[in-house]
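K.L.:
Would you mind keeping the following structure in view while I ask a few things?
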Amino acid sequence: MDKRIKTEIIINASKEKLWVLLTNFNGYPNWNPFIRSIEGELKQGGRLKNTLQNGEKIMVFKPIVLEVVPFHSFSWLGSLWVKGLFDGRHYFCIEEIAPNQVKLIHGEDFSGILSTAILKQVGEDTRKNFVDMNQALKQLAESDSTFGH
C-alpha cells in the first residue's frame, strides 16, 4: 500500500497571496473545512497545535515544523500517540506557473509500524479532506475579498 497522499490543484492567484492565506493560521476557522485551527508560530523547529476535523471526529496533533521556505513551501511532522507508531510529514508546496497562477501540492508521507493499518482505515477520508481544503483555499484565493489578510 502506498504510504503517501498527494493532491494538486491549480489556483489563479499569485504565490504571495496564496502564501499569506495558507500561513495565516488565525483565518483557518473561517474557511478551512479540514484543519479547523493551528496555534503556534510557523518557524523551523517550532511546535504547532493543529485541530483537524474528519467527519464528526475532532483530532488534535502537536507537530514539529520541519521547514519553512517563504512563498514556496512548509512542512511539519506529526505523530499519533508516540513517534514511530504512525507518523506523518504533512507538506504544502507552491509552484508558480505564471504571475497569477500557481500549482499547490498538498500531501503527507506516512511512516511507522501502524501506518499501513491506519491508512487502510482513514486514507480515503484523509485524501478527501485534503481535496476539500484545497478547493476551499482556491475559492478563497480567487475571490476578490481581502478576507483572510
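K.L.:
Quick check: is even one residue across segment 60-82 under 13 Å from the mean Cα position of the chain (by Cα) and charged (D, E, K, R)?
P.N.:
Looking for residues that are under 13 Å from the mean Cα position of the chain (by Cα) and charged (D, E, K, R), one finds none in segment 60-82, hence no.
K.L.:
Among residues belonging to segment 38-67 that are under 22 Å from Lys138 (Cβ atoms) and in contact with a Leu (Cβ under 9 Å, 6 or more places away or on another chain), point out the one that is surrounded by the fewest Cβ atoms within 10 Å (Cβ to Cβ).
P.N.:
Leu42
K.L.:
Pick out, from segment 35-126, the strands (runs of 3 or more DSSP E) lying fully within it that include 1 or more residues that are free of Cβ contacts under 8 Å to residues at least 60 places away in the same chain. I'd like the intermediate steps shown before the answer.
P.N.:
Values: elements: 35-39, 49-54, 57-61, 64-69, 73-79, 87-98, 101-111.
Hits in segment 35-126: 35-39, 49-54, 57-61, 64-69, 73-79, 87-98.
K.L.:
Here is a follow-up. Answer yes or no: is there a residue in segment 70-90 that is of a type in the set (D, E, K, R), modelled with pLDDT of 95 or more and exposed (fewer than 15 other Cβ atoms within 10 Å of the Cβ).
P.N.:
Restricting attention to segment 70-90, the residues satisfying the condition of being of a type in the set (D, E, K, R) are 83, 87, 89.
Now drop any that are not modelled with pLDDT of 95 or more, which leaves 89.
Filter once more, keeping what is exposed (fewer than 15 other Cβ atoms within 10 Å of the Cβ): none.
The answer is no, given that none of the residues of segment 70-90 is of a type in the set (D, E, K, R), modelled with pLDDT of 95 or more and exposed (fewer than 15 other Cβ atoms within 10 Å of the Cβ).
K.L.:
Looking at segment 11-31, can you tell me whether even one residue there is more than 19 Å from Asn134 (Cβ to Cβ) and assigned to a helix (DSSP H, G or I)?
P.N.:
For segment 11-31, residues more than 19 Å from Asn134 (Cβ to Cβ) and assigned to a helix (DSSP H, G or I): present.
K.L.:
Given the structure, is Glu8 acidic (Asp, Glu), surrounded by fewer than 18 Cβ atoms within 10 Å (Cβ to Cβ) and within 13 Å of the chain's Cα centre (by Cα)?
P.N.:
Here the answer is yes, as Glu8 does meet what is asked.
K.L.:
Among the residues of segment 75-115, write down those that are among the aromatic types (Phe, Trp, Tyr) and in contact with a strand residue (DSSP E or B) (Cβ under 8 Å, 6 or more places away or on another chain). Full working, then the answer.
P.N.:
Of all residues in segment 75-115, those among the aromatic types (Phe, Trp, Tyr) come to 76, 81, 86, 91-92, 110.
The answer is Trp76, Phe86, Tyr91, Phe92, Phe110.
K.L.:
May I ask you to verify whether Asn54 is among the polar types (S, T, N, Q), more than 19 Å from Ile11 (Cβ to Cβ) and in contact with a helix residue (DSSP H, G or I) (Cβ under 8 Å, 6 or more places away or on another chain)?
P.N.:
So Asn54 passes the test.
The values are calculated or read from the model by the stated rules, or taken from the named source; none is laboratory data. A quick note: this is a predicted structure, and the numbers were derived from the prediction, not measured. Neighbour counts run over all protein chains shown; Cβ positions are idealised from the backbone, glycine included.
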